[in-house]
Amino acid sequence: MRSFSSFKPVVHDVTPREAKSAKFAMWLRANAFNVRRPFDRATWRTARPWLSYEEVRYELKRFRDRSLGSLQLGSISLKNKDVETAVKYEALATRNIFQLDISEMIFNFYDLSKHGREPKRSVLDKINEEFIFLDRGTVVERDRNWKIAIKPLTKGKMLMLKPKIREQSLACLILELFEICDEPISLDKIQAQITPCLNVAHQKISPPLLRRALAITGVNLRYKNHLEIINGIIDKYYVRHKLGKEDPERLKSIVNQKVLIPHDNAVWSLLDYKIVPRHDYVSEEYEQAFNEDYHDAPTIAPLQLPFFRHVHPYMYIRKKQKICWKSFMDKCTRSGGTDARTLDRANAMLIDKGFVPYEHCHPEFDTIKVQGLIFDAS
C-alpha cells in the first residue's frame, strides 16, 4: 500500500485549513478509479502521511456540509457515494475502526433487547474476532469510539443486547434444508430457503453469521425440496379450509409414510395447518395382531389409508373382541404361574363360542396371566 503522493504536496498561498482540503481533493483524485471497485489493499493509495485518518474524516464532514451531490476534480467527477466509499476504504487500509463500524459489527451478532444482559467484554471479544478476520485490527476497551458506540446500549455494567442465532445452530438449520452434493450453490439460494424458517423463529442473520455457518457446512449443497413435497402430499390427502386445524403430529405421521422427514425439522414450522382430511378414518374397532395368521385388515379407500395407518401403525391388525372371561376363570386355580397349556385351553374355549383365538403374547390374556391362573383339567 502506497501513499497518494511520494512527496509532500505543494500548495501555495493558502491557509493550513485550505491546504488540508486541497490534499483531500488530491487523494480523492488519485483513488478515483479505485473507489468504483472492490477494496484492494495492493492498489489503494492512502492519504498518509500527509493526512491522518481523523483529518480525512473531518474533511468528509466538511464536504457533506457543502456538497451539491458530486465533486468535480479536473475531468473526473465523483458522486457523494464515491467520496463516502473512499473514506471507508481508507479506514480499511489504515485499520481504523470508527464508532459506526463498531455499532454495525455489534448488530451483526446481537439484537437490541431491553431485557438483554450481555457482558461488555464478551461483546468486545465477539466483534474483535470478526475485525481480525477482516484484517482490520482490533478494538480495545479504552478506545473512545468503543465507549461512544456502546453508550446508548449500556445499562449498569451490562449491554442491553441478546445474541442472534449461533453459527452452529444456523449450520444445523442449513443441513436440515439442504444435503451435501458435488456442486456448489449460490449464497442467494441458500439465504432464500433459510429466511422463512428464521422469520418464524423471529431470527435475523448477518453476512458474517452466514459465512461462519457455511464454513461448517460447506457450499456444495442441494435443496431437499421438503416443503414442496409436503405440500404435494397435503394437496392429495387434505382439503384446505379456514376452519381446519390439523394436528401437527398426525400430519407428520401421514407425510412420513411417504418420505422420511424428521419431526424436529424446521420445515414443519412453515406449513399452514388449516386443513381437513379428504377421507378421514375414525373407527376404533381394530387392534394390533402379533401373527400373520390373525391378520384381518379392513377394506378402506386409498385416500383413507394413510389415516388408518396413523391409527394402526402395525404390520398385522385384527378386529377387537369383547370377551367375558369369568366362566373360564372359574375353572382355573392360582398355582403360581400361567402356562401355555392354559392359554391353549382358553383359545379352544373362544373357538367354541365363535370367537377368533389370540396369540399367547396378546394383551387380552393379561387378565389371566396377571393372576397366575392354571386351567384345572379335573
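Quick note: the coordinates plus some simple rules give every number you see, no bench work behind them. Given the structure is predicted, the values throughout are model-derived calculations rather than measurements. Ideal geometry is used to build each Cβ from the backbone, glycine not excepted, and the neighbour counts take in all protein chains shown.
A few remarks follow.
- Taking amide H as placed 1.01 Å from N in the peptide plane, Phe178 has its amide H under 5 Å from the amide H of Lys224, each at least 5 places away in sequence or on another chain.
- Restricting the range 46-96 to chymotrypsin sites (Phe, Trp or Tyr not before Pro) in coil, as DSSP defines it, with at most 13 other Cβ within 10 Å: none
- Cut-off under 5 Å, modelled amide H: who pairs with Glu359 long-range: Phe290
- Note on the range 326-375: with charges restricted to the Cβ of Lys and Arg (+1) and Asp and Glu (-1), its dipole about the Cα centre is near 200 debye.
- Computed from point charges on the beta carbon alone (+1 for Lys and Arg, -1 for Asp and Glu), the dipole magnitude for the range 275-378 about its Cα centre is near 200 Debye.
- Here Ser122 and Lys79 are evaluated by their C-beta separation; at R0 = 35 Å the FRET efficiency comes out at 0.30.
- Matching label, percent of Cα pairs over 38 Å apart computed from the structure shown, candidates (1) 39; (2) 54; (3) 11: (2)
- As a rough footprinting exposure proxy, the listed residues Val83, Val11, Val56 were ranked by other beta carbons within 10 Å of their own, and the order from fewest upward is Val11, Val83, Val56.
- Additional length obtainable on full extension of the chain from Ser5 to Thr195, 0.36 nm per residue less Cα span: 63.7 nm
- Between Gly232, Thr338, Tyr89, the Cα set farthest toward the positive side of the dipole of the chain (charges on each charged residue's Cβ, about the Cα centre) is that of Tyr89.
- Protection proxy ranking of 226-234, 67-75 - average other beta-carbon atoms within 10 Å, highest first: 226-234, 67-75
- Expected 222 nm ellipticity per residue - DSSP helices of 4 or more, -39500 (n - 2.57), all of the chain, to 500: -13000 deg cm²/dmol
- With 0.36 nm allotted per residue and the present C-alpha distance subtracted, the Asp352-Glu179 stretch has 56.4 nm of extension available.
- Förster-model FRET efficiency, 22 Å R0, Phe133 and Asp111, C-beta, rounded to 0.05: 0.55
- The calculated FRET efficiency for the pair His279 and Lys322, based on their C-beta separation and a Förster distance of 25 Å, comes to about 0.35.
- For the range 183-227, the list of trypsin sites (Lys or Arg not before Pro) that fall in a loop by DSSP and count at most 13 other C-beta atoms within 10 angstrom reads Lys204.
- Only Lys, Arg (+1) and Asp, Glu (-1) charged, at Cβ; the range 3-134 dipole about Cα centre in debye: 220 debye
- Links that overshoot a 21 Å alpha carbon limit, given the list Lys155/Lys204; Lys204/Lys252; Lys126/Lys204; Lys252/Lys322; Lys81/Lys204: Lys155/Lys204; Lys204/Lys252; Lys252/Lys322; Lys81/Lys204
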